[in-house]
1. Taking Lys18 as the anchor, which lysines have their alpha carbon closer than 21 Å to its alpha carbon, excluding any fewer than eight residues away along the same chain?
2. For segment 284-298, what does the Karplus curve 6.51 cos²θ - 1.76 cosθ + 1.60, with θ = phi - 60°, yield as ³J(HN,Hα) per residue in whole Hz, taken in order and with x for Gly and Pro?
3. Cα gyration tensor of segment 1-143, axes a ≥ b ≥ c as square roots of the eigenvalues: rounded (a/c below 1.5), prolate (a/b > b/c) or oblate?
4. With charges set only on the Cβ (+1 for Lys and Arg, -1 for Asp and Glu), what does the dipole of the chain come to about its Cα centre, in debye to the nearest 20?
5. Could you work out the equivalent-ellipsoid semi-axes for segment 9-419, taking the square root of 5 times each eigenvalue of the Cα gyration tensor, largest first, in whole Å?
6. By DSSP, what percent of the beta bridges with both residues in segment 71-224 are antiparallel, rounded to the nearest 5?
7. Can you give the helix-only mean residue ellipticity at 222 nm for the chain, where every DSSP H stretch with n ≥ 4 adds -39500 (n - 2.57) and the sum goes over all residues, rounded to the nearest 500 deg cm²/dmol?
8. Can you give me the long-range amide H partners of Val61? Hydrogens built in the peptide plane at 1.01 Å from N, cutoff under 5 Å, separation of 5 or more residues or another chain.
Amino acid sequence: MTNELFSPLSLRSGQVLKNRIAKAAMEENMAGDGQLPDEQLLSLYRRWATGGTGLLITGNVMVHAEALTGPAGVVLDESAPLEPFTEWARAGRAGGGAIWMQINHPGRQIQADMPGVVWGPSAVGVDLGRHSKRFGRPVAMTPEQIEATVNRYALTARRAEQAGFDGVEVHAAHGYLLSQFLSPLVNKRTDRWGGSLENRARMLLDVIRAIRAVVSPSFAVAVKLNSADFQRRGFDADDARQVIAMLEPLAVDLVELSGGSYESPAMTGRPTDARTQAREAYFLDLARDLVGGSPLPLMLTGGITRRETAETVLASGVSLVGMGTALAVTPDLPERWQEGREADRQLRPVTWKDKALASAASMALVRHQLRRIAKGRDPRPGTHPAFAVISEQRKQRRALRRYRAWLPTAQGTAAARRTS
Ligand SMILES: Cc1cc2nc3c(=O)[nH]c(=O)nc-3n(C[C@H](O)[C@H](O)[C@H](O)COP(=O)(O)O)c2cc1C
């Protein structure tokens, strides 16, 4: 049986993952001074690395210091020192598994109180009803900004390889910049980046080409893609199928399927589409439709917490199962599965009516577990979500003050580099 949970997976780059279990990217919101990984982040990754997971995908690392998903985001740009990243890669490999860095640009999904830029394919803001003001108003990117951003992804990937990471995953899901370009609801451009799916996928494909041109062939390059945005007339499964076909000739190792965005937060198990609601492995129906004809190996993430579910996912033809929440609660879950055990506890579900708030609270609750693990404590999945939200807000405010103070210096360093 090829897709057995503890069988290795060989990728096109030649990289071999020791089993079929990956920790999916979870933004840790834990950057230290200078938006760099620090000791807490390393200790979190050491814990995961020794828990049996074959592949660790980091939380998204920002390619542009002026565009962060949150004030405690890690940035790897031309000015960042490499040593903290080298240590991060070493921590992630402590158990003999691989570590890939997820790289991302948030585009328009930037909180209104953040300094820096709010860019999108078009000047179409995030629509969150009464919460819409939480995000900045985007401006449409110029062709020069698009090209400079493509180069930033490549630079971050090249530096990730230099630091010792085994690969990168380009985040083109969850409503961030590349996913905004793919979406017909957000991308209203009439130039070569808008209109047809080929045009909307151009930036993603250029990013992959630019990365492949600067990393070695043995370095893995993966893409996280929405199987659907779960919005009427949005990016759908048929679009996903076509984009996967476009990625195939570009030496991509793997496509991770997810779904949703801030506007339709399916990625935390609360999609607006009833088909995927309240289920384990809630994207599996969509993945089944995609897996048959897929020319690339697929990874599926979302709602997997039990071995039986993971095995059902693999039996459908998916090559790798991704888990976020389950590994935040039980960092050694793969090892337990190998010993015939399951997790003792699950995360307390957030059942608030307001979908946007419930999604934010679920994320805060997961991040609360990450912070506990990073401090050498055990997760506490029964924590009340309101407590997690309040404690997160306090930390975010502190991180925002620090980011505001740091950014002008970082911009100065970058400008000096360009003119020297
Ligand atoms: C706290 C938190 C942070 C996340 N950050 C990221 C991220 O940085 N990049 C990403 O692609 N997905 C991110 N996700 C989504 C997860 O990768 C995953 O797709 C989602 O949590 C569903 O999987 P799960 O049910 O196993 O948690 C995050 C999820 C959580 C809970």
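Every number in this text was worked out from the coordinates using simple rules, so none of it is lab data. Every value quoted in this text rests on a predicted model; they were computed, and no experiment measured them. No Cβ is skipped: glycine too gets one built from the backbone with ideal geometry, and neighbour counts run over all protein chains shown.
1. Candidates past the 8-residue exclusion: Lys224.
2. With coefficients 6.51, -1.76 and 1.60, one gets 5, 4, 5, 4, 4, 5, 8, 5, x, x, 6, x, 10, x, 10 Hz.
3. Working: a/c = 2.33, a/b = 1.73, b/c = 1.35.
It is prolate, given that a/c is not under 1.5 and a/b is the larger ratio.
4. Numbers: 54 positive and 43 negative charges, 251 e Å.
That gives the chain a dipole magnitude of about 1200 debye.
5. Sorted largest first and rounded, they come to 27, 25, 23 Å.
6. On the way: 1 of 12 bridges.
Just about 10 percent of them are antiparallel.
7. The helix-only estimate for the chain comes to -12000 deg cm²/dmol at 222 nm.
8. Sorted by chain and number, the residues that satisfy this are Gln102, Ile103, Asn104.
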